[in-house]
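Read through the structure below, which is laid out as structure tokens, and then see the notes.
Please treat every number below as a calculation from the coordinates, not as lab data. As the structure is a computational prediction, the values presented were derived from the model and not from experiment. Glycine gets a Cβ as well: all are built from the backbone with ideal geometry, and neighbour counts include every protein chain shown.
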Amino acid sequence: GIQVEQSPPDLILQEGANSTLRCNFSDSVNNLQWFHQNPWGQLINLFYIPSGTKQNGRLSATTVATERYSLLYISSSQTTDSGVYFCAVGAQKLVFGQGTRLTINP
Amino acid sequence: KAGVTQTPRYLIKTRGQQVTLSCSPISGHRSVSWYQQTPGQGLQFLFEYFSETQRNKGNFPGRFSGRQFSNSRSEMNVSTLELGDSALYLCASGSLAGGTDTQYFGPGTRLTVL
């Protein structure tokens with residue numbers, strides 16, 4: 001089955017810093033999404049991005065499907081950005097990475 | 001548009017009991033997928049239903065089952081509960097079969113098995 005690796009596993013930054021989260025996957029997919037899991041456990045959809053680049057405010061994402069990786073950029077981090085970020089890929093179901101735990105300190 | 005809803009939000013059961021969880025997708029969505037999240041295994045796919053038919057199933061024992069009704073609401077049942085079934089159960093809704101479009105997740109049901 002598809003393997004998904006996220007890096008780094010943990011990231012600690014100061015407020016205002018920029019960050020890049022990476023997702024590598026092992027096979028061709030027709031779905032790739034980035035999620036932020038809030039403290040109550042709900043997965044908040046950030047981007048649906050099987051290929052190309054998208055931006056939403058301080059967040060942007062790029063997927064290079066031919067090289068099987070995706071990047072999530074967070075600029076000017078705020079404490080509310082803290083949490084776990086998941087990349088999920090799939091063709092018939094979503095396979096999740098282990099997540100990146102982001103901590104933004106004031 | 002209302003989001004995905006799951007009931008109940010919290011549940012405590014004892015070993016050997018059975019449990020039924022419910023998921024109502026976004027209006028108009030016909031695909032419902034279920035996922036289990038545990039600290040050790042992370043997020044794992046359980047099954048997907050589309051138009052009342054199970055289209056895909058993950059690697060879980062037969063104690064885990066589900067169904068989908070004509071209004072697209074879905075239920076998941078776990079029989080003969082084990083301690084290891086303690087987890088956050090999440091459902092996702094989408095408009096296309098096979099989870100190939102944007103998946104929207106509900107708030108989850110946190111199940112504790114004592």
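Data table
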item: Normalised per residue, the volume of the convex hull around the Cα set of chain B (Å³); result: 91
item: Along principal axes, Cα extents of the protein assembly as shown, largest first, whole Å; result: 48, 35, 34
item: Two-decimal Rg/Rh across segment B:67-106, once Rg and the Kirkwood Rh are taken from alpha-carbon atoms; result: 1.05
item: Trypsin sites (Lys or Arg not before Pro) lying in DSSP loop within segment A:15-106, provided at most 14 other Cβ fall within 10 Å; result: A:Arg58
item: Rh (Kirkwood; distinct C-alpha pairs) - chain A, Å; result: 13.7
item: In order through segment B:90-97: 3J(HN,Hα) via Karplus (6.51 cos²θ - 1.76 cosθ + 1.60), integer Hz, x for Gly, Pro; result: 10, 10, 10, 10, x, 8, 10, 5
item: Residue of A:Ser60, A:Ser76, A:Ser51 that the Gaussian network model of chain A assigns the largest fluctuation, springs spanning Cα pairs under 10 Å; result: A:Ser76
item: Computed magnitude of the charge dipole of chain A (debye, nearest 20; Cβ of K, R +1, Cβ of D, E -1); result: 160
item: Unit charges on C-beta of K, R, D, E only; dipole of chain B, Debye; result: 160
item: Partner chain coverage, peptide A:39-47 - average Cβ within 10 angstrom; result: 5
item: Unit Cα scatterers, Debye sum, segment B:1-42: log10 I(q)/I(0) for q = 0.24 Å⁻¹; result: -1.02
item: Formal net charge of residues neighbouring A:Arg68 (Cβ-Cβ distance under 14 Å; K, R +1; D, E -1); result: -2
item: Within the protein assembly as shown: Cβ-based charge dipole about Cα centre, in debye rounded to nearest 20 (Lys, Arg +1; Asp, Glu -1); result: 460
item: Long-range amide H partners of A:Ala17 with built H, under 5 Å; result: A:Ser77
item: Global form of segment A:22-64, assessed from the alpha-carbon gyration tensor, a/c cut-off 1.5; result: oblate
item: Spatial separation of Cα centroids for segment B:11-49 and segment A:1-66, in angstrom; result: 23
item: Cut-off 12 Å between beta-carbons: net charge of the residues surrounding A:Gln6, Lys and Arg +1, Asp and Glu -1; result: 0
item: Test item: A:27-33 mean partner chain Cβ contacts at 10 Å; result: 3
